[in-house]
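Undergrad: Below are the structure tokens for one structure; questions will follow.
The values are calculated or read from the model by the stated rules, or taken from the named source; none is laboratory data. The model shown is predicted, which means the values in this text are computed figures rather than measured ones. Cβ sites come from the backbone with ideal geometry, for glycine too, and all protein chains shown count toward neighbours. The accessibility values were calculated without ligands, DNA or RNA, using every heavy atom of the protein model including side chains. Shrake-Rupley method; radii C 1.70, N 1.55, O 1.52, S 1.80 Å.
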Amino acid sequence: MTSPAPNILVVEDDRETRTLIAKYLRANDCRVATVQNGREMERWLGDHRADLVVLDVMLPGEDGLSLCRKIRTSSQLPIIMLTARGDDIDRIVGLEMGADDYLPKPFNPRELLARIRSVLRRHAVSFGTAPAAATLSFLGWTMDCRRRELRNPEGALVVMTSAEFDLLQALCERAGRVLSREALLDLTHGRSAGAFERSIDVLVSRIRRKIEPDPHEATLIKTVRSGGYLFTPEVTAS
């Protein structure tokens, strides 16, 4: 990793797992803080800046999924969920709550570090190269690809996860072309992130809820049977 080191908050109630993660990440040039539950997480985030949160699903009191949803209502802070099971349904629920990635337990700390690096690169914070200056516009909507901000036709900021922003940007840059789920995975998550094609459907559903006049009758992001997705508006770049 390059300087400055990213600030990682680990929310994990199991002491052994918490210590293992913190020790490994610190040995790999990360600044790490650890807390045991949602109450401590909210207190820490109120006083400090984090570049990414590693959030366990099974926590005492308020669980990780609820905490993820709470963070996502007001922040684009990257979140990687730790799940006790690796079933697709658990992964899908985590994505629907706004997580950027997931990792089933037990896991190799080396893989967690790779996921953190991948998410932070996509989110363009702390390290990695930010995208070239560009603005993409469609139907009054504006995507600032340097600041990674989406604004609606009224100019209001629309909160998006890094995964949502990446996917919408990929669709906008290729407006009028049918993109398969496999192609979208390669353009956004990348195979090394361990993403799966169903995650694209989840992300599209979340984006539709934010930009479509009627998410149930999508006109901006159309589903093409046996093909993938098509972004229909004309997009201008500047």
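Undergrad: Counting residues that are farther than 20 Å from residue 203 by Cβ and modelled with pLDDT of 85 or more, which strands (runs of 3 or more DSSP E) fully inside the stretch 1-95 reach at least 2?
TA: Working: elements: 7-11, 31-35, 52-56, 79-83.
Where strands (runs of 3 or more DSSP E) fall fully within the stretch 1-95 and carry at least 2 residues being farther than 20 Å from residue 203 by Cβ and modelled with pLDDT of 85 or more, they are 7-11, 31-35, 52-56.
Undergrad: So residue 165 passes all but one of these: (1) more than 20 Å from the chain's Cα centre (by Cα); (2) in a helix (DSSP H, G or I). Which condition number does it fail?
TA: Going through (1) more than 20 Å from the chain's Cα centre (by Cα); (2) in a helix (DSSP H, G or I) one by one, residue 165 breaks only (1).
Undergrad: A further question on this structure: Consider residue 98 carefully, then state whether it is on the phi > 0 side of the Ramachandran plot and either without any contact (Cβ under 8 Å) to a residue 24 or more places away in the chain or open to solvent by less than 30 Å² (accessible area, probe 1.4 Å) (or both).
TA: The answer is yes for residue 98.
Undergrad: Further question on the same structure: Restricting the search to the stretch 15-32, which residues are under 21 Å from residue 71 (Cβ atoms) and surrounded by fewer than 17 Cβ atoms within 10 Å (Cβ to Cβ)?
TA: Just the residues of the stretch 15-32 that are under 21 Å from residue 71 (Cβ atoms), to begin with: 17-18, 21-22, 25, 30-32.
Of everything in the stretch 15-32, just one residue is under 21 Å from residue 71 (Cβ atoms) and surrounded by fewer than 17 Cβ atoms within 10 Å (Cβ to Cβ), namely 31.
Undergrad: Follow-up question, since we're still on this one. When only residues in the stretch 190-238 that are open to solvent by less than 20 Å² (accessible area, probe 1.4 Å) and among the hydroxyl-bearing types (Ser, Thr, Tyr) count, which is modelled with the highest pLDDT?
TA: Residue satisfying both the conditions and the ranking: 229.
Undergrad: So, one more: Return the residues of the stretch 7-30 that are of a type in the set (D, E, K, R) and within 20 Å of the chain's Cα centre (by Cα); say none if nothing qualifies.
TA: 12
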